[in-house]
1. Any residue at all in segment 69-92 that's in a loop (DSSP other than H, G, I, E, B), in contact with an Asp or Glu (Cβ under 6 Å, 6 or more places away or on another chain) and among the hydroxyl-bearing types (S, T, Y)?
2. Inspect segment 139-149 for any residue being away from ligand 2 (no atom under 11 Å from the Cβ), buried (at least 18 other Cβ atoms within 10 Å of the Cβ) and either among the small types (G, A, S) or in a helix (DSSP H, G or I) (or both) and give the result as yes or no.
3. Only one residue in R30, R42 is more than 16 Å from ligand 2 (Cβ to nearest atom) and closer than 19 Å to C104 by Cβ, so which one is that?
4. Give V72, V50, V57, V62 a once-over and let me know the one that is over 12 Å from the mean Cα position of the chain (by Cα), modelled with pLDDT of 95 or more and within 22 Å of I12 (Cα to Cα).
5. Kindly list, by first and then second residue, each pair from a residue in segment 108-122 that is farther than 16 Å from V57 by Cβ and at pLDDT below 90 to a residue that is part of a loop (DSSP other than H, G, I, E, B) and not hydroxyl-bearing (S, T, Y), limited to pairs with Cβ atoms under 9 Å and residues at least 6 apart or on different chains.
6. Of all residues in segment 97-138, count the ones that are within 12 Å of ligand 2 (Cβ to nearest atom) and part of a loop (DSSP other than H, G, I, E, B).
7. Looking for whichever is in a loop (DSSP other than H, G, I, E, B) and in contact with a Ser or Thr (Cβ under 7 Å, 6 or more places away or on another chain) here; the options are V50, V65, V33. Which one fits?
Amino acid sequence: MRESEVKVNGQIRMREMKDNELLLDLLRDRLEVKSVKAACWRGECGLCTVLLNGELVKSCLVLAVEASGGEVVTVEGIGEDGSGGLTAIQRAFMEHGASQCGFCTPAFVLTTHELLRRNPSPTESELSEAVSGLICRCGTYNQIREAIAAVKSYDKRSVPKKLVESIR
Ligand code: FES
Ligand code: FES
């Protein structure tokens, strides 16, 4: 065990970390960040994806101690104005029925956010590539693609700057 500090969604959280503890387990089991889903524990489903120091990582493949001193952002941390309100992406998922059981939705929303933050006008193939590592067991891939395309059209109506800033 070691005392450590990690910032999660803007808040400093101090916890003793076991040397072999996964970031996934720290977030879900001890910090109660339940949007981060545990499904395969071996890097295949992508549903445990979080931002660690600005990079998308699968938290089942990262040790908690690797996040020590760093910053983790999950879908709870990307509200439109930092207040927890819905983002344009979240609204698009609702409007297009891109969420059935909702198990995969946080990972898709977070991944799409990060894509648009880096590249506000992705091509179809860039979009597909960005979410290709995520599995939706309900098979809502078509609706998810429609939702993401709708966010791109919101982009053209000049929402993107706010959208892009919301993830900082
Ligand atoms: S639980 Fe991490 S990739 Fe599936
Ligand atoms: S909506 Fe159920 S896993 Fe994707």
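1. Yes, some residue in segment 69-92 is in a loop (DSSP other than H, G, I, E, B), in contact with an Asp or Glu (Cβ under 6 Å, 6 or more places away or on another chain) and among the hydroxyl-bearing types (S, T, Y).
2. Step one: filter segment 139-149 for residues away from ligand 2 (no atom under 11 Å from the Cβ), giving 142, 145-149.
Among the residues that remain, those that are also buried (at least 18 other Cβ atoms within 10 Å of the Cβ) are: 147-148.
Okay, now just the ones that are also either among the small types (G, A, S) or in a helix (DSSP H, G or I) (or both), so 147-148.
Checked against the condition, which is being away from ligand 2 (no atom under 11 Å from the Cβ), buried (at least 18 other Cβ atoms within 10 Å of the Cβ) and either among the small types (G, A, S) or in a helix (DSSP H, G or I) (or both), segment 139-149 yields at least one hit.
3. Numbers: R30 fails: closer than 19 Å to C104 by Cβ.
Just one listed residue meets the conditions, R42.
4. On the way: V72 fails: over 12 Å from the mean Cα position of the chain (by Cα); V50 fails: over 12 Å from the mean Cα position of the chain (by Cα); V57 fails: over 12 Å from the mean Cα position of the chain (by Cα).
Within the list V72, V50, V57, V62, the selection yields V62.
5. Filtered contacts from segment 108-122: L116/P122; L116/I167.
6. From segment 97-138, those within 12 Å of ligand 2 (Cβ to nearest atom) are 97-109, 131, 134-138; that's our starting set.
Filter once more, keeping what is part of a loop (DSSP other than H, G, I, E, B): 97-104, 134-138.
Final tally of qualifying residues: 13.
7. Working: V50 fails: in a loop (DSSP other than H, G, I, E, B); V65 fails: in a loop (DSSP other than H, G, I, E, B).
Answer to the selection: V33.
The values are calculated or read from the model by the stated rules, or taken from the named source; none is laboratory data. Computed from a prediction, not measured in an experiment: that's the story for all the values here. Note that we place each Cβ from the backbone using ideal geometry, even for glycine, and neighbour counts take in every protein chain shown.
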